[in-house]
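Report on the following structure.
The values are calculated or read from the model by the stated rules, or taken from the named source; none is laboratory data. Please read these numbers as outputs of a predicted model, since none were measured by experiment. Positions of Cβ are generated from backbone atoms using ideal geometry, with glycine treated the same way; all protein chains shown enter the neighbour counts.
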Amino acid sequence: MEFLLAMILYALVGAISPGPVNMIATNIAANQGFKAALPHVCGATFAYSVIVLSAGLGLTLVFTQWPQLLSITGIVGGLFLLYIAWQIARSDGVNNALASEASTHSGLLAGALAQLLNPKAWLVSMAGVSLFVTDKDHQFGLAWFVGISFFMCFIGISSWAWLGHGLQAWLVGRRRIYFNWVSSALLVVSVLTIWLA
């Protein structure tokens, strides 16, 4: 039971800590509501489960042997996230052409892609697999860890979306524009933090 609780806490902390995917969820919900953020939340959650499963099935060994692959993922992912940051910064959150263009980062596929290209997700999943998936009961332990990671990821990203949804009524007029600028800046900072780590 203690082992299971440790697994749950690890997965929740990894999912709810600030990061690019969570910042995007907050911004979508703040501008368009919680319901509009759900495709992003679901896409990112499914993608994270695939990442954990891949790490457990041996992708960790590939990244250990060829660490440059993780670096390439970080660069490509960072560029994608910088593109999203640019779209967020240009949006005023109102139903106009820029808002429509910026909303393209809020879909199921975009959420999955943001998570798949998120180096934080790969590092957290690889560390979690090494901690909680033992050689003795590999398949059973991996199944548990993937399932728990799925639910904790959904809870973590949804929490950030609820935060954004709660801000929605306050974000009127220029406040929405300033919020988008701050969201964009935080996304850029998170990418730079990943690249400089």
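Has the range 29-42 got any residue that is touching a residue at least 40 places away in the same chain (Cβ under 8 Å), touching a His at 6+ places or on another chain (Cβ under 8 Å) and at positive phi? Looking for residues that are touching a residue at least 40 places away in the same chain (Cβ under 8 Å), touching a His at 6+ places or on another chain (Cβ under 8 Å) and at positive phi, one finds at least one in the range 29-42, hence yes.
For the range 113-165, the tally of residues that are over 15 Å from the mean Cα position of the chain (by Cα), at pLDDT 95 or above and of a type in the set (G, A, S) stands at 1.
Just one of the numbered conditions (1) at pLDDT 75 or above; (2) under 30 Å from V172 (Cβ atoms); (3) out of contact with any Ser or Thr (no Cβ under 8 Å at 6 or more places or on another chain) is not true of L81: (3).
You will find that of G58, G43, the residue that is in a helix (DSSP H, G or I) and closer than 18 Å to S159 by Cβ is G43 and no other. A44: farther than 27 Å from G147 by Cβ, out of contact with any strand residue (DSSP E or B) (no Cβ under 8 Å at 6 or more places or on another chain) and modelled with pLDDT of 80 or more, yes or no? In short, no.
For every residue, the table says whether it meets (1) outside any helix (DSSP H, G or I); (2) in contact with a helix residue (DSSP H, G or I) (Cβ under 8 Å, 6 or more places away or on another chain); (3) of a type in the set (A, V, I, L, M).
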{"site": "A127", "(1), (2), (3)": "no, no, yes"}
{"site": "T134", "(1), (2), (3)": "yes, yes, no"}
{"site": "A143", "(1), (2), (3)": "no, no, yes"}
{"site": "W160", "(1), (2), (3)": "no, yes, no"}
{"site": "V188", "(1), (2), (3)": "no, yes, yes"}
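When S100, S106 are screened for being at pLDDT below 90, within 17 Å of the chain's Cα centre (by Cα) and within 23 Å of R174 (Cα to Cα), only S106 passes.
Exactly one residue among V76, V52 is part of a helix (DSSP H, G or I), aliphatic (A, V, I, L, M) and at pLDDT below 85, and that residue is V76.
Applying the set (1) at pLDDT 85 or above; (2) surrounded by fewer than 17 Cβ atoms within 10 Å (Cβ to Cβ); (3) within 13 Å of the chain's Cα centre (by Cα) to P18 leaves exactly one unmet item: (1).
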